[in-house]
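Report on the structure given below.
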Amino acid sequence: MVASPPHMAEISPPTGAPDLKRLRIERPTAEAPRSGGARPRRGLRWGWLLALAAAAAAWWFRAELQQAAGLETNTALLVRTVFVRSEVATPAGAIGSNGYIVARRRASLSTVLSGLLVEMKVEEGQRVEADQVIARIQFDDYAVNLRTRDLAIEVLARQRVPLEQQAAAAKFAIERAEKERETARMELEQARASERLAQIEIERQRPLHATGDFPSLDLDRLVAAEDRAKAGVAAAEARVAAATAGREEAEAQAAARAADLLRLDADSERARSEKDAAAILLERTYVRAPFAGVIVRKNAEEGEVVASTGGQGNSRGSVAELVDFDSLEVQVELPETRILQVKESPSAQVFFDAEPTRAWPAKVSRIWPTADRAKATIEVRVAFPEGGIPPIARPEMGVRVSFAPPGAAAPTKTAPEMLVPRAALFDLRGERAAVFVVEDAMLKRVELELGAERGESRVVRSGLRSGAEVVLDPAPTWREGQMVRRG
């Protein structure tokens, strides 16, 4: 018996199939943990994670505390600042209030129609006159519509010529038929006269014919003449009837032509109305200035879609804003308790934030008939004298208004003073104090010499220049040179 080669599958005697179990590769199994040996290090890992989290929290809280206390100069401090400048203080007994420059006449220019903006003829700051074209939307279809109405009017005008000729011919036919009827009536009268004469002659000769004094031949002639007269009368009546029928036909033709002319006139009137409507639509493609003024803002450019409401997708509601600079005035909101004082003393002075040391004379022009319930204020409008609007005035500029004290003819003129808020002062020592000024995004400590009190502010006699940016509510731990960022 021959032995089977090694590594060869043996054939199972009963089935003859190869035995594949001997080809399987045995892998070592994981050893079970030994009793009393080292345990898994999962708890150690959690300990390390908790330690790292605690360290990060401690570092974060330390950084926040250092930043709040100002101990770390590399961290930018979050600060609130104000700009100080020289201004004229409100006199004793006067009313001072902040306001804004507004315009009585201000318009957002747009078109009634919606369309593509194809022309924009102005820029910001440009002065325009009344009825000047500001912009225009796409107008091709409106121009074609107007031209179509013109052509329709021309066609109707050409149709009127033959109708007028036919109406004139019908009128002439009526006149001719009337003449023919008159002629026929005259002939009828003559024929009837001839018939009566023939009848009279026969009646006169019949007695003579009965006595033999009038020949029968002559009587027969008279009878024949009577018959001819009757035939003439019948013919004349026929001609009169024909002339009457001709006149009626001519009148019918004239009435028909008159009706055609009336219908044509109505069509022409409707065509002219449609032309006027088309001309109005074409005119509405223009955006014109309703009054003279200055363009203060452009809201659209060529190529954008302009809509009358501005609520259609990305469409613009207006193309530009126009302001009449001759109507500039000051809008102020005063407490209700001060309105009677303003009525008694309407004189005022206006100080612009851009030029706080110069006063411009003004006067109360209107007091609103209603109050603001939420703020307990009433709006007051202060107008400049005619021709006295300051050249510096621009819409939405900030101003301060000083109303004259009761009994004074006008606000008292005082020298300008520089005021610093009390909230910015620290290290206060009688008439001296310090403030932090922001320069190049860093704190700079500045010593001040103070003057009198002005409400929540103090007058600065020296140490601070106009326009300086002063920090409000400084912390005791802040130091000069620290970086800041404005909040």
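The values are calculated or read from the model by the stated rules, or taken from the named source; none is laboratory data. The shown structure was predicted, so the numbers you read here are calculated from the model rather than taken from an experiment. Note: ideal-geometry Cβ built from the backbone for every residue, glycine included; neighbour counts use all protein chains shown.
Conditions (1) farther than 23 Å from E355 by Cα; (2) surrounded by fewer than 16 Cβ atoms within 10 Å (Cβ to Cβ); (3) basic (K, R), marked per residue:
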{"position": "E417", "(1), (2), (3)": "no, no, no"}
{"position": "P421", "(1), (2), (3)": "no, no, no"}
{"position": "A441", "(1), (2), (3)": "yes, yes, no"}
{"position": "R445", "(1), (2), (3)": "yes, yes, yes"}
{"position": "R458", "(1), (2), (3)": "no, no, yes"}
{"position": "G463", "(1), (2), (3)": "no, no, no"}
{"position": "V471", "(1), (2), (3)": "no, no, no"}
{"position": "Q482", "(1), (2), (3)": "yes, no, no"}
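Can M186 be described as farther than 30 Å from A266 by Cβ and free of Cβ contacts under 8 Å to residues at least 12 places away in the same chain? Taking the combined requirement at face value, the residue satisfies it.
Among the residues of segment 318-347, those identified as at pLDDT 90 or above and closer than 23 Å to E386 by Cβ are L322, V323, D324, F325, D326, S327, L328, E329, V330, Q331, V332.
Being assigned by TED's automatic domain parsing to the domain that holds L156, exposed (fewer than 14 other Cβ atoms within 10 Å of the Cβ) and under 18 Å from R176 (Cβ atoms) is a description that does not apply to A224.
Restricting to segment 250-276, and then to whatever is touching a residue at least 24 places away in the same chain (Cβ under 8 Å) and within 18 Å of D141 (Cβ to Cβ), can you tell me which residue is surrounded by the fewest Cβ atoms within 10 Å (Cβ to Cβ)? Within segment 250-276, the match that is surrounded by the fewest Cβ atoms within 10 Å (Cβ to Cβ) is E274. Residues that are basic (K, R) and closer than 30 Å to L262 by Cα occur at least once in segment 179-190.
Do you know which of the residues in segment 441-487 that are among the basic types (K, R), assigned to a strand (DSSP E or B) and touching a residue at least 40 places away in the same chain (Cβ under 8 Å) is nearest to A423 (Cα to Cα)? If we take residues in segment 441-487 being among the basic types (K, R), assigned to a strand (DSSP E or B) and touching a residue at least 40 places away in the same chain (Cβ under 8 Å), then R454 is nearest to A423 (Cα to Cα).
Considering segment 90-131, the qualifying strands (runs of 3 or more DSSP E), each wholly inside and each with 1 or more residues that are modelled with pLDDT of 90 or more and within 28 Å of W360 (Cβ to Cβ), run over 95-103, 106-109.
Table: residues versus (1) touching a Phe, Trp or Tyr at 6+ places or on another chain (Cβ under 6 Å); (2) of a type in the set (D, E); (3) within 22 Å of R458 (Cα to Cα); (4) modelled with pLDDT under 90.
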residue	(1), (2), (3), (4)
A374	no, no, no, no
R381	no, no, no, no
F384	no, no, no, no
G387	no, no, no, yes
P391	no, no, no, no
P395	no, no, no, no
A404	no, no, no, yes
A409	no, no, no, yes
E417	no, yes, yes, yes
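I'd like to know if segment 121-130 contains one or more residues that are loosely packed, with under 13 Cβ neighbours inside 10 Å and at positive phi. Yes, segment 121-130 has at least one match.
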